[in-house]
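Below: the structure, in structure tokens.
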Amino acid sequence: MNIRETLQRKTRYIMWFGFISWLGLMVSLFLKLSTLFIVFFLPFPAVALAQSLFVRCPRCGGNVGLLVAQALAPGRFKTKVSNCPFCGVSFDAEV
Ligand SMILES: [Zn+2]
């Protein structure tokens, strides 16, 4: 498994957590359940924080979370990233 796959797998787990929280938030808004709204609203800042704190370059520990999230973004938001901006290791290298 290479660095790109490792980072993308972590990012996908975090994004699915955010998506499920968003779905719960929409359901709580639709059903007008304020307690459930708070429970599902709190994960949004946690998702951004987790993406910044836990998705790091395995070689240098640089924060590449937001960069990897942009690489997985759809359409015009997508960014092509091939190297770590901090240490220069290729994301196609083995972990
Ligand atoms: Zn690095």
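Given the criteria of a type in the set (A, V, I, L, M, F, W, C) and over 27 Å from F91 (Cα atoms), does L36 qualify?
Answer is yes for this residue.
Could you list, in sequence order, all residues of the range 4-60 that are outside any helix (DSSP H, G or I) and within 9 Å of the chain's Cα centre (by Cα)?
Within the range 4-60, V55 is the sole residue that qualifies.
Can you tell me how many residues in the range 76-95 are part of a loop (DSSP other than H, G, I, E, B), away from the ligand (no atom under 16 Å from the Cβ) and out of contact with any helix residue (DSSP H, G or I) (no Cβ under 6 Å at 6 or more places or on another chain)?
Looking only at that region, the number is 2.
Within the range 56-75, how many residues turn out to be within 15 Å of the ligand (Cβ to nearest atom) and in contact (Cβ under 8 Å) with a residue 40 or more places away in the chain?
Of the residues in the range 56-75, 7 are within 15 Å of the ligand (Cβ to nearest atom) and in contact (Cβ under 8 Å) with a residue 40 or more places away in the chain.
Being closer than 29 Å to F86 by Cα, buried (at least 17 other Cβ atoms within 10 Å of the Cβ), in contact (Cβ under 8 Å) with a residue 60 or more places away in the chain and not charged (D, E, K, R) is true for just one of I3, I14. Which residue is that?
So the residue among I3, I14 that is closer than 29 Å to F86 by Cα, buried (at least 17 other Cβ atoms within 10 Å of the Cβ), in contact (Cβ under 8 Å) with a residue 60 or more places away in the chain and not charged (D, E, K, R) is I3.
Taking L53 and the conditions (1) within 16 Å of the ligand (Cβ to nearest atom); (2) surrounded by 12 or more Cβ atoms within 10 Å (Cβ to Cβ); (3) not β-branched (V, I, T), which numbered condition does it fall short on, given that it satisfies the others?
(2)
Please enumerate the residues belonging to the range 33-75 that are within 13 Å of M15 (Cα to Cα) and among the polar types (S, T, N, Q).
Q51, S52, Q70
Coordinate-derived values only; no laboratory data. Please read all numbers here as calculations on a predicted model, not as lab measurements. Every residue, glycine as well, gets a Cβ built from its backbone with ideal geometry; the counts of neighbours run over all protein chains shown.
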